[in-house]
Structure formats: C-alpha cells, structure tokens
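All remarks here apply to the structure that follows.
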Amino acid sequence: MPAAMRFRAAKPAEAAVVADILHDAARWLGQAGMPHGVMWRDDEMNPARIAADVRAGLYFLAEIGGVPAATVRFQLDDPEFWPDAPRSDAAYIHRLARRQGCGGAGIGAAALAWAVEHTRQLGRHALRLDCEASRTRLRALYEGFGFRHHSDRQVGPYLVSRYEYTLSGDTTPQRGGIAPP
C-alpha cells in the first residue's frame, strides 16, 4: 500500500470529490483510447446522482497524506450484475478509480486489499467485481491480485467478465461461491 494511505467512508459533502475522481479516471481512459462510456456513462458520474450513494455509505475514499487519491463503491449485493448469486455471502465493488498524478503505483492493489479486508470484517466469504470483457489489462490486474474469472455475462448492452476472490481462513484465493450461468 502506498505510504500513509488510508481508506474511509466518503462524507455526504464529498460527492463532488468522488465524481471528480471518477471523471479524472474517465478522462485518462479516453486519452488512452479506451472510451469510458463502455462502462461509465456521464450521467452516472454526476455529483447529484452520486450523492445518494455517498449518503448510503457506498463510496469510500483512499487518502494519501490527507488528500483523496482514489475511490471505490462497496456494496453488499449486486442484483444487476450478479442476479444468480446467493444474497448475504459476498461483497461487491464497482467504480474503483484513482486520480492521475497521485503516485499511481500500488493504489489499485491497495484498494483491492482494503476491499478484501473490509469484506472479511463483515463476515462475507467472497468479494466480487466485474469489468468490461474487452479490458484485458484490467482483467490481468484482477487475476494477478488473486481474483478468479467466474463467468462472462451480458448485462444490457455490456458484456462483462465477472470475477470472484474467495476468502478463506488462510487468505488463499480460491474459486468458489456460485456456478457459472
């Protein structure tokens, strides 16, 4: 984890901070030739829309030296992308994004490690996420961390690859949870 990085729930007054980090990541994706619209529509990054989720405690901020550097949406169910998953056995993350120029090395892995530990503290046995199936570098990051490809699923216009990190007593990632559709 980058030095002095800490995670905390975003405060209601910080919806614009969360939106700014998401917009910054989306700009970077666009500059790198990966249109953010594949997964994040502009209206989904609107501070007013994000505010309700922040008030509900779904967004967390990662701070480096007291400055918000990254965000992640952490939720306890995901009927849209994981409708076939048993309720109450896993946690789910979405919209993991970091600000450019914040010393990016390790921020993504630190956020994943935080999410795994937060999942463990909540007594859930798995952490699940998804990403656009065509994002091979992002998929490699997840797999390198220990997530196992669960399945691909069509969700509306999106083909997503679903990943699962199974928590066990010895912290060894394992495939498990639910059978692919």
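The values are calculated or read from the model by the stated rules, or taken from the named source; none is laboratory data. A quick note: this is a predicted structure, and the numbers were derived from the prediction, not measured. Here Cβ is always computed from backbone atoms with ideal geometry, including for glycine, and neighbour counts include all displayed protein chains.
From the list Ala69, Ala19, Ala48, the lone residue that is part of a helix (DSSP H, G or I) and modelled with pLDDT of 85 or more is Ala19.
Screening Asp130, Asp78, Asp84, Asp53 for residues that are among the charged types (D, E, K, R), in a loop (DSSP other than H, G, I, E, B), surrounded by 15 or more Cβ atoms within 10 Å (Cβ to Cβ) and at pLDDT 85 or above leaves exactly one candidate, Asp78.
Please find, among Ala113, Ala62, Ala69, Ala91, the residue that is among the hydrophobic types (A, V, I, L, M, F, W, C), touching a residue at least 60 places away in the same chain (Cβ under 8 Å) and crowded, with 20+ Cβ neighbours inside 10 Å. The conditions single out Ala69. In this structure, does Arg41 turn out to be surrounded by fewer than 18 Cβ atoms within 10 Å (Cβ to Cβ) and modelled with pLDDT under 90? Yes; evaluated as a whole, the condition is true for this residue. For region 138-168, a residue qualifies if it is modelled with pLDDT of 95 or more, within 21 Å of Val116 (Cα to Cα) and charged (D, E, K, R), and the qualifying residues are Glu143, Arg148, Arg162, Glu164.
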